[in-house]
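Here the structure comes first, spelled out in structure tokens, and everything after it is commentary.
Rule-based calculations on the coordinates, nothing more; no lab input. Model, not experiment: these values are computed from the prediction. All Cβ positions, glycine included, derive from the backbone under ideal geometry; neighbour counts span all protein chains shown.
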Amino acid sequence: MKSKLMRLLTPVMLAATACAASPAQGAPIRVVTTLTDLADLTRAVGGKEVQVFSLATGVEDTHGVPMKPSFVPILNRAELLVLVGLGCEHAFLPALLEASKNPRIQSGQPGYVDCSPGIVPLAVPKSTDHSEGDVHPSGNPHYLLDPVLAKTAVEHIYEALAAQAPEHTAEFRQNRDAYLAKLEAKVAEWQQLAKPLKGVGFVSYHEEWGYFAERFGMKVFGTIELKPGIDPTPRHIEQIILGMKAEHVPIVVREPQFPEKVPAYIARQTGAKLVKLPIMPGGVPHTETYIAMMDYIIHTLVAAQPKPG
Amino acid sequence: MKFTRLIGWSSTLCLGAILAQAQETNEVEKLNQQLKQIRETFEKQQRELKESFERMFREQQAQIEALKRQLASATNAAAGLAQTNQAAAADQLKELNQKVDQVVEAQKKVRPSEFNPSIGFVGETVLAYRSKGSEATGSERRGGFDAFQRSMELNIAASVDPFAKGYAVINATADSATGEATLGIEEAALQTTSLPWNLELKAGRFFGEFGRLAYIHDHELPFVNRPLVLDRYIGGESKTDGLQLNWLPPIAHYTSLTLGLGDQFGDNPNNPGTYRPFSELNFFGRASTYFDLTPDWQLEAGMSGLWNPRTQDRAGVQVQPNGSTLTERERRLAGLDLKVSYVPLRNNQFRSLVWGTELLFSDNRYLFDPDGSLAPGNPTAHPGWPGLSGDEFMGGVGALGLYSYVTYKWHRQWSAGFLFDWVQNAQNHNDETSAYSPYLTWAISHWNQLRLQYTHTDHNAVSGLRPDDAIYLQWAWIIGSHAHGWQQR
């Protein structure tokens, strides 16, 4: 009985070991990113030495990426997991990581690449009580909407790739430097282009735009959500409208994953311009890369801000 | 001659001298005049030079004075600018310090409880009205108006070490008869986190993996009450004390295989005798897989099995309506589950559609006692079991049961659905019960939910029970830590 059992199990175990073994030398590094902006940055730094899969496609709420079982085998074979951090992925990543059974990419392991160290977070809550909504205890995690702070993510990705494949460090460094140079040139261009946005206020559905506003001098007047993750009450909508009228707030931002009904209503009542802005590459058409996404955001906001007179 | 020559020469010499002298005098005068001119010129030049120098000096002095004045005003401006820059830098430094302080404060907040596990508490209240009393419905709860705390559940979880995590679910439920809360350990288990070969081991008390909803806690169900087939064939949640091994085959397509064993499976304890052989354990398992039909449509399917070779008297001696008794001696249960979901990527928090179905086949073996000589509550069988009259025989009863539900969500807060139940009695497949339950859920927030459900239950005549109607209002809430577990996907 025992020998039969061993004869049955041995090939199974051997097959499992073979499949779970580290990839052959020279094979691209298998990287899974949580969001599409990180996927774009990873491809930029990794070049042909990485094979990148993003759990999000770009149209999802960053807090509502579905926990698909099809992600589990992909995570199981990943060598690196790149994430935003600051609790951005708390709604889906912990369960997926547990189901993946991949010790290499668990929290605290070298394959767990948190891009948030070095970011000074905005809006660190004084209380994590649920009366404040679904707050992020470590602060607002949407720092990737600030292209200057995105450079921090690029550095973390570079360090992780270099540690994973030291023989390609020079190539990663070259790619990183080239991308950072391109990004810095675009930042200068955006800051020039966005000068008319200084001091312009706007309302967004969710509190995703704090870092962006700070970078480009805009003012976040408020959010349509009553609190993070809590839909607005009629009273809150009324207060937003009154406040926008009093302060002449000219723009309402609707992120693609939220319904249009309430933002459109607020825009109609206040005379503000309603704009749909992606929060990840791929959120709207023609924003497949991080730079294309930021280009779209800046140009759309500049076009939406009120003309003098 | 000589004198004349002498006078001549002398005169000539004198004349010459005089002439010379005159010439000299002229020349001297000229020279003097030249000198005078030169001197005058020199003096004039000196004067001019002096005047020029004096003028230059005055001009330079004036320039110096002007420069001094400019320097003085520039110094004042620079001092003011430096002051302004210093003030701006101080403001920036203050702002930066505030930000850093916020972060440090946020870190300090967790420090006192740094080693505490994640703790959360779930409260669930059910208000109900049933049109018939419990004697007519077979329900353990009374008919008419009823209000009870179905769950008062404390959840605790933390990593044990780099290799495992532990969790516990301590629940108190209001007793149906007295209303007093009965505290119990629903789950308390250790789960490995770093086994090789994609293995995961769970040990302790936990809800064993069987089907789709058997291991889901009551308050997390998509409707108010557990489906009839799960209640009757499993005995509530799939509680077991034992071991469970899960394997994720290393293939590109998601497949999950689970095997487990435990000394019970469900609410009813098994074999409370003095010795439990291996054959009296419960063996269970599930194989499941998943398909992305489209980016927005998903299908998940599974099949499950449960076998207890020698249950002895899991539910005790069961008296049948005709007076005979059945005592379970072998437990066999198989199930198929299917879930099809529409979860649009773009706004899945605001819209979704889920259809879930499970079909279970129970094929237990019983000790039949036609004359009912075995009184309920007798201890498990050994030769010489009190009450044996000789007419007892072993036989099997096959029974089917299923549930099927659809839930449609059209708003982050609102969803509605319908649940259909149908189940044959595991001891008498002629005894059938069906139920129809529309429900409406209002998720006030992520941690606060109200659900209204109507249930019409039908029994066929074999059961001797009466149809009834019930309305339930369920209020479930969570405080503290909450985790989106894999089972809640």
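With the largest listed first and rounded to whole Å, the semi-axes of the equivalent ellipsoid of the protein assembly as shown from the Cα gyration tensor are 93, 31, 22. Shape class for segment A:230-271, computed from the alpha carbon gyration tensor (a ≥ b ≥ c): oblate, with a/c not under 1.5 and a/b at or below b/c.
How would you rank A:L122, A:L41, going from fewest to most other Cβ atoms within 10 Å of each one's own Cβ? List each step's numbers first, then the result.
Numbers: A:L122 18, A:L41 28.
Sorted ascending by nearby Cβ count, the order is A:L122, A:L41.
Specify the longest stretch of chain A that does not include any exposed loop site, a site being one of the GluC sites (Glu not before Pro) with a non-H, G, I, E, B DSSP assignment and at most 14 other Cβ atoms within 10 Å. With GluC sites (Glu not before Pro) excluded where exposed in loops, chain A gives A:1-259 as its longest stretch. If you model chain A as an ellipsoid using its alpha carbon gyration tensor, with each semi-axis the square root of five times an eigenvalue, the axes come out at 41, 24, 15 Å, biggest first.
With neighbours defined as other Cβ atoms within 10 Å of a residue's Cβ, the residues A:C115, A:C88 order from fewest to most as A:C88, A:C115. Potential lengthening of the chain between A:H286 and A:S127 amounts to 53.3 nm, from the contour at 0.36 nm per residue minus the alpha-carbon distance. The phi torsions of segment B:160-171, fed into the Karplus equation with coefficients 6.51, -1.76 and 1.60 and a -60° offset, translate into couplings of 7, 6, x, 10, 7, 10, x, 8, 8, 10, 10, 10 Hz, rounded to whole numbers, with Gly and Pro shown as x. A convex hull fitted around the alpha carbon atoms of segment B:393-478 yields 114 Å³ per residue.
Going by how many other beta carbons lie within 10 Å of each one, how would you line up A:T223, B:T255, fewest first? Working shown, then result.
Working: A:T223 20, B:T255 17.
Placing the least packed residue first, the sequence is B:T255, A:T223.
Report the charge-dipole magnitude of the protein assembly as shown in Debye, nearest 20, computed about the Cα centre from +1 at each Lys and Arg Cβ and -1 at each Asp and Glu Cβ. Dipole about the Cα centre, nearest 20: 3060 debye. Taking amide H positions as placed 1.01 Å from N in the peptide plane, with prolines and chain starts having none, which residues 5 or more places from B:G266, or on another chain, fall under 5 Å of its amide H? For B:G266, whose amide H was placed from the backbone, the distant partners under 5 Å are B:K239, B:T240.
Just from its helices, what would the mean residue ellipticity at 222 nm be for chain B, if runs of 4 or more DSSP H residues each count -39500 (n - 2.57) and the sum is divided by every residue, rounded to the nearest 500 deg cm²/dmol? Can you show the working numbers first?
Working: 3 runs with 119 residues, N = 489.
So the helix-based figure for chain B works out to -9000 deg cm²/dmol.
What's the longest uninterrupted piece of chain B once you rule out the GluC sites (Glu not before Pro) that are loop residues per DSSP with at most 10 other Cβ within 10 Å? Could you put the intermediate results ahead of the total?
Working: sites that count: B:E114, B:E140, B:E180.
That would be B:181-489.
Backbone phi angles across segment A:35-51, fed through the Karplus curve with coefficients 6.51, -1.76 and 1.60 (θ = phi - 60°), yield HN-Hα couplings of 10, 6, 5, 5, 5, 5, 5, 5, 5, 5, 7, x, x, 7, 8, 10, 10 Hz in residue order; Gly and Pro are listed as x.
The residue list A:F53, A:G111, A:P306 was ranked by how far each Cα lies along the charge dipole of chain A toward its positive end, using unit charges on Cβ atoms, and A:F53 comes out on top. Averaged over the residues of peptide B:439-448, the number of Cβ atoms from other protein chains lying within 10 Å of each residue's Cβ is 2. Among A:K126/A:K245; B:K239/B:K339; A:K68/B:K409, which pairs are too far apart, with a Cα-Cα distance over 25 Å? Beyond 25 Å: A:K126/A:K245. Label sites at B:N460 and B:K94, each approximated as a point 7 angstrom past Cα along Cα to Cβ, lie 8.3 nm apart. For B:D431, nonlocal amide neighbours, meaning residues 5 or more places apart or on other chains whose placed amide H falls under 5 Å from its own, are B:N425.
Shielding by partners for B:241-254, please: the mean number of other protein chain Cβ atoms within 10 Å of each residue's Cβ. Walk me through the numbers on the way to the answer.
Values: counts 0, 0, 0, 0, 0, 2, 3, 10, 6, 11, 4, 6, 3, 9.
That average works out to 4.
Counting only Cβ charges, +1 for Lys and Arg and -1 for Asp and Glu, the dipole size of chain B around its Cα centre is about 3200 debye.
Considering only Cα atoms, the convex hull volume of segment A:185-309 works out to 100 Å³ per residue.
Remark on A:V200: its backbone amide H falls under 5 Å from those of A:K219, a criterion applied only to residues 5 or more positions apart or on other chains, H modelled at 1.01 Å from N. Across chain B, the relative contact order, built from alpha-carbon pairs under 8 Å that are at least six residues apart, equals 11 percent.
With only alpha-carbon pairs counted, each pair once and no self-pairs, how large is the Kirkwood hydrodynamic radius of segment B:191-338 in angstroms? Provide the component values of the computation, followed by the final result.
Values: mean 1/r = 0.0597 Å⁻¹.
After inverting the pairwise mean of 1/r, the radius is 16.7 Å.
Grab the alpha carbons of chain B, take their convex hull, and tell me the volume per residue in Å³. Don't skip to the end; give the middle numbers.
Values: hull volume 163.0 nm³, N = 489.
Convex hull volume per residue, Cα atoms: 333 Å³.
In order along segment B:33-47, the phi-based Karplus estimate (6.51 cos²θ - 1.76 cosθ + 1.60, θ = phi - 60°) of 3J(HN,Hα) comes to 5, 4, 4, 4, 4, 4, 5, 4, 4, 4, 5, 5, 5, 4, 4 Hz; Gly and Pro are listed as x. Among rounded, prolate and oblate, which fits segment B:120-269 when a ≥ b ≥ c are the square roots of the eigenvalues of its C-alpha gyration tensor, a/c under 1.5 means rounded, and a/b larger than b/c means prolate? Prolate. Quick one: angle between helix A:290-304 and the longest Cα principal axis of chain A, in degrees between 0 and 90, rounded to 10, please. Long axis of A:290-304 versus the principal axis of chain A: about 10 degrees.
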